[in-house]
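*Asks:* This is the structure, below, for whatever I ask next.
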Amino acid sequence: MKIDLSNPLIFNKIYLPLLDESKRYILLYGGRDSAKSYFAAQKVIIDTMMKSYSRFILVRKIFADIKDSQLQTIKDILKLWGILDLFKINENPIRITFIKNGNMILARGLDKEAKTKSIKDPTGVWYEEANEISYNEFIKTTTSLRGGIIQEILTFNPELETEWINNYFFPAKESYEKKDGKFNWVESTRKDAIILHTTYKDNAFCTLQSAEKLEDLKIDKDLNYYRIYTLGLWGGALEGVIFNNWKIIKEVPERARLVGYGLDWGFTNDPTAIIAVYLEEKKLILHEIEYAQGLSNLEIAEIMEAKGISKNDEIVADSAEPKSISYIYNQGYNIEAAIKGPDSIVHGIEKMKEFEIKITEQSRHLVHEFKNYRWKIDRAGKILNKPIDDWNHGIDAIRYVVLNKLTIKKTTMTGLKDVRL
Ligand SMILES: Nc1ncnc2c1ncn2[C@@H]1O[C@H](COP(=O)(O)OP(=O)(O)O)[C@@H](O)[C@H]1O
Ligand SMILES: [Mg+2]
């Protein structure tokens, strides 16, 4: 089979030089829909087919996410190129074999015991959403890869400039970032790394609809958001991020005491979020139980049962849906409505900030929310005392528990009235 590299119906031009790049680290970062993941998948496939020996590992923080992201993209491309039948695809465990030469693509999640170390003679790794991965996990992985020539591709959005990737690979952003997002190659501080910055404008396959959505961020959301996801500029932790002092932990410590579960009801476009809130001294320990769209009340009750929420555990839910609260209550659960008041959002945030916050690494949506939940910024760039109405489903759920259970006010199931203890 021949792959015509100059065919603009197959490749985005800007990425082409990377097909025969020999540096160890290839960083593909920037705005959304800029074809970062798509190109990474193309490169992995081409290496697998062209090299006499190739063994790529698909890596993500959470193993379960690989199937719908990296694996799906690779399958889509094989299908589009009409070469799906030249491969043998195993999904459990994930193993894609190019039948002709036996080269393989494997997968590892950093949440699983079996780490990359257990894969014999890998030649490459593709870290998808590399900014979800901690510095320690990255170092452990990259140093575990031994053998001949190894190449590691990292794909990510530049969400927080304080992230390790920025420190590890990038010079000061003032030296290369252009305000309009129109720049591509960035010289890394490391000799063994090459960095490509892209936005949706570099992706000839980005649909008009996606492009419009990204441009709309400028109007809908705060500017920081637009700068990160549309222009691919590093997000500033100081520009309005509400929670900038929290840490990821492996699991809920044994000594932590369960305070209760927060529940934020999903609507058509929003997820239903259930978060377990624990306390260990002055530390708030947060663990995501569920975070999914389109759940019915029946399904929510089933999930609660399956996840081991007992009928005695306290659940605090958004008061905006009394019918749903009644439903769960009638299933025998100890559920109550969250206290709401004119300032309850800001008040709740302040209360949360009184604690040291630790989030379990399994709580991936929640972590995303903590990274992205921001104060509104007005057009003049002034930070307002009002959060954006986004990235707040899990955080709202936590706020309900904190306000109802960890402040001196108490509410009742029926009355929603404040009763002083
Ligand atoms: N070379 C390509 N051929 C066909 N479609 C592409 C190509 N590159 C990107 N796309 C399309 O653009 C979309 C966005 O690309 P993706 O890699 O998911 O962006 P990013 O990872 O940068 O957010 C993909 O879903 C895919 O439909
Ligand atoms: Mg992507």
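Bear in mind these aren't lab numbers, they're just calculated from the coordinates by the rules spelled out. All values derive from a computational prediction rather than experimental measurement. Using ideal geometry, Cβ is built from the backbone for each residue, glycine included, and neighbour counts are taken over all protein chains shown.
*Asks:* Go ahead and estimate [θ] at 222 nm for the chain from helices alone: -39,500 (n - 2.57) per DSSP H run with n ≥ 4, summed, over the residue count, rounded to 500.
*Replies:* Value at 222 nm, helices only, nearest 500: -8000 deg cm²/dmol.
*Asks:* Return the whole-Å distance between the Cα centroid of the range 133-183 and the Cα centroid of the range 83-132.
*Replies:* Between the Cα centre of the range 133-183 and that of the range 83-132, the gap is 21 Å.
*Asks:* Still on this structure, please answer the following. Can you pull the semi-axes for the range 269-411, root of five times each eigenvalue of the Cα gyration tensor, sorted largest first, whole Å?
*Replies:* Value: 25, 17, 16 Å, ordered largest first.
*Asks:* Got a sec? How would 164, 391 order by Cβ neighbour count within 10 Å, fewest to most?
*Replies:* So the residues, fewest neighbours to most, are 164, 391.
*Asks:* Continuing with the same structure: Could you tell me which residue out of 205, 232, 195 lies farthest along the dipole of the range 177-235 toward its positive end? Charges go on the beta carbon: Lys and Arg +1, Asp and Glu -1, centred on the Cα centre.
*Replies:* Ranked along the dipole, the leading option is 195.
*Asks:* Given a Förster distance of 35 angstrom, what is the FRET efficiency for residue 16 paired with residue 67, based on the Cβ-Cβ distance and rounded to 0.05?
*Replies:* After rounding to 0.05, the efficiency reads 0.75.
*Asks:* Another question about this same structure. So how far, in whole Å, is the C-alpha centre of the range 8-29 from the one of the range 33-72?
*Replies:* Result: 13 Å between the Cα centres.
*Asks:* Still on this structure, I have one more. For the modelled label position 7 Å from the Cα of residue 215 along Cα-to-Cβ, which residues of the range 173-194 have backbone nitrogen atoms closer than 20 Å?
*Replies:* Only 179-183 pass the distance filter.
*Asks:* On average over all directions, what projected area in square nanometres does the range 18-218 have, based on the convex hull of its Cα atoms?
*Replies:* For the range 18-218, the mean projected area of the Cα convex hull comes to 11.6 nm².
*Asks:* Using only Cα atoms, what is the ratio of the radius of gyration of the chain to 2.2 N^0.38 Å?
*Replies:* That ratio works out to 1.07.
*Asks:* Let me ask you something else. Looking at the range 85-158, which GluC sites (Glu not before Pro) are DSSP coil and have at most 12 other C-beta atoms within 10 Å of their C-beta?
*Replies:* In loop regions of the range 85-158 (DSSP not H, G, I, E or B), the sparsely surrounded GluC sites (Glu not before Pro) are 113.
*Asks:* Hand me the trypsin sites (Lys or Arg not before Pro) from the range 280-310 located in a DSSP loop with no more than 11 other Cβ atoms within 10 Å, in residue order please.
*Replies:* 282
*Asks:* Quick check on the exposure proxy: order 60, 379, 24 from fewest to most C-beta atoms within 10 angstrom.
*Replies:* Least crowded to most crowded, the residues run 379, 24, 60.
*Asks:* Could you estimate the translational diffusion coefficient of the range 147-282 from the Stokes-Einstein equation, with Rh from the Kirkwood formula over C-alpha pairs, at 25 °C and 0.890 mPa s, in whole µm²/s?
*Replies:* Calculated translational D: 133 µm²/s.
*Asks:* Something else now. If the chain between residue 323 and residue 4 were fully stretched, how many nm would it gain, using 0.36 nm times the residue separation less the Cα-Cα distance?
*Replies:* 108.9 nm
*Asks:* Could you tell me which GluC sites (Glu not before Pro) in the range 235-308 are loop residues by DSSP with no more than 13 other beta carbons within 10 angstrom of their beta carbon?
*Replies:* Listed in order of number, the matching sites are 251, 254, 281.
*Asks:* By DSSP, what percent of the beta bridges with both residues in the chain are antiparallel, rounded to the nearest 5?
*Replies:* Roughly 45 percent of the beta bridges in the chain run antiparallel, per DSSP.
*Asks:* Just rank 25, 200, fewest to most, by other beta-carbon atoms within 10 angstrom.
*Replies:* Sorted ascending by nearby Cβ count, the order is 25, 200.
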